[in-house]
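Colleague: Could you have a look at this structure, given as structure tokens, before my questions?
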């Protein structure tokens, strides 16, 4: 019991230190520049033929995707809460079919002074050390894609915390082309607030 109490205190201290010191660790040089470079590279891939969801006419006229400015308030260290049972969810897809995902854990955090939580999913037979987080928030249908956005979250087995980088939240391919089939964010990942970070609505 004492050990569990100490672990809770330690996790709390880590979260507090992360909140107050993240500006020192994540600055223009080691956070913003790589993030902007990733966005430039994505624009290049959208102009190319091999990996672009755009058709030929759209690629020729494509300039760039639109994003919110990077904001460290939306680089969030969340507490990982294991689920009592890691069951499989048949996540609905935009074409009416389903795809199986493992409900891996919960991520609990605070943003804009409000407690929030997201379910972390793992694609079955996926070997990458990352979790999938489809989510919706109050920007959807206004400043961001109406169907919600995604995050890919690096994760190590057994970790007690996880970094949710909403600045890297991205729209699914079906936001650019209805011929693509995409997972629909489950109801347990509907956030009650606006997340003005990451990718905005694509305008042709």
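Every number here is computed from the coordinates shown, using simple stated rules; none is lab data. On a predicted model such as this, the values are computed, not experimentally measured, just so you know. We place every Cβ from the backbone using ideal geometry, glycine too, and count neighbours over all the protein chains shown.
Colleague: Round to the nearest 0.05 the FRET efficiency obtained for residue 47 and residue 124 when R0 = 22 Å and r is the Cβ-Cβ distance.
Modeller: Once the sixth-power term is evaluated, E becomes 0.10.
Colleague: Per DSSP H run of at least 4 residues, take -39500 (n - 2.57); add these up for the chain, divide by its residues and hand me the 222 nm value, nearest 500 deg cm²/dmol. Walk me through the intermediate numbers first.
Modeller: Working: 3 runs with 45 residues, N = 204.
It lands at -7000 deg cm²/dmol.
Colleague: If you don't mind, there's one more thing I want to ask. Calculated FRET efficiency, residue 160 and residue 194, Cβ-Cβ r, R0 30 Å, to nearest 0.05?
Modeller: 0.60
Colleague: If you average over every viewing direction, what projected area does the convex hull of the Cα atoms of region 71-189 give, in nm²? Show your work: numbers first, answer last.
Modeller: Values: hull surface 31.1 nm².
Value for region 71-189: 7.8 nm².
Colleague: Take 161, 144 and order them by how many other Cβ atoms sit within 10 Å, fewest up front. Could the numbers behind the result be given before it?
Modeller: Numbers: 161 16, 144 27.
Ordered from fewest to most neighbouring Cβ atoms within 10 Å, 161, 144 come out as 161, 144.
Colleague: Something else about it: Please determine, in degrees from 0 to 90 and to the nearest 10, the orientation of helix 2-25 with respect to the longest principal axis defined by the Cα atoms of the chain, where the helix direction is its Cα long axis.
Modeller: Taking the Cα atoms of the chain, the angle to 2-25 is about 40 degrees.
Colleague: Here's a follow-up. Got the relative contact order for region 71-189 handy, in percent, Cα pairs under 8 Å and 6 or more residues apart?
Modeller: Values: 240 pairs, mean separation 34.2, N = 119.
Dividing the mean separation by the residue count of region 71-189 yields 29 percent.
Colleague: Gaussian network model of the chain, Cα springs within a sub-10 Å range: biggest mean-square fluctuation belongs to which of 102, 75, 124?
Modeller: 124
Colleague: Compute the Rg/Rh shape ratio of the chain: radius of gyration over Kirkwood radius, all on alpha-carbon atoms.
Modeller: 0.98
Colleague: Oh, and also: Test of understanding: in a Gaussian network model of the chain with alpha carbons linked when under 10 Å, which of 39, 77, 59 would top the mean-square fluctuation ranking?
Modeller: 59
Colleague: Still on this model: Suppose R0 equals 25 Å. What FRET efficiency, 1/(1 + (r/R0)^6) with r the Cβ-Cβ distance, do residue 187 and residue 37 give to the nearest 0.05? Before the final figure, lay out the partial values.
Modeller: Working: r = 35 Å, r/R0 = 1.40.
The value I calculate is 0.10.
Colleague: Using a 10 Å cut-off around each Cβ, can you sort 139, 88, 163 from fewest to most neighbouring Cβ atoms?
Modeller: Details: 139 23, 88 12, 163 16.
Fewest to most other Cβ atoms nearby, the residues stand as 88, 163, 139.
Colleague: Any idea what angle helix 33-47 forms with the longest principal axis of the chain, computed on alpha-carbon atoms, 0 to 90 degrees, nearest 10?
Modeller: 30
Colleague: State the volume of the convex hull built on the alpha-carbon positions of region 112-160, expressed per residue in Å³ and rounded to an integer.
Modeller: Details: hull volume 5.2 nm³, N = 49.
Measuring per residue, one finds 107 Å³ for the Cα hull of region 112-160.
Colleague: Could you work out the relative contact order of the chain, using alpha carbon pairs under 8 angstrom and six or more residues apart, expressed as a whole percent? Walk me through the numbers before you get to the answer.
Modeller: Working: 351 pairs, mean separation 44.8, N = 204.
Here the relative contact order equals 22 percent.
Colleague: What residue among 84, 105, 194 has the largest mean-square fluctuation in a Gaussian network model of the chain, using Cα springs under 10 Å?
Modeller: 84
Colleague: When each pair of different Cα atoms in region 26-116 is counted once in the 1/r mean, what is the Kirkwood radius in angstroms, to one decimal?
Modeller: Details: mean 1/r = 0.0581 Å⁻¹.
Hydrodynamic radius (Kirkwood, Cα only) of region 26-116 equals 17.2 Å.
Colleague: Going by C-beta contacts inside 10 Å, put 76, 193 in order with the fewest on the left.
Modeller: Numbers: 76 22, 193 13.
The fewest-first ordering by Cβ neighbours comes to 193, 76.
Colleague: Could you give the nm distance between label points at residue 117 and residue 97, where each point is 7 Å from its Cα heading toward the beta carbon?
Modeller: Rounded to a tenth, the inter-label distance reads 3.3 nm.
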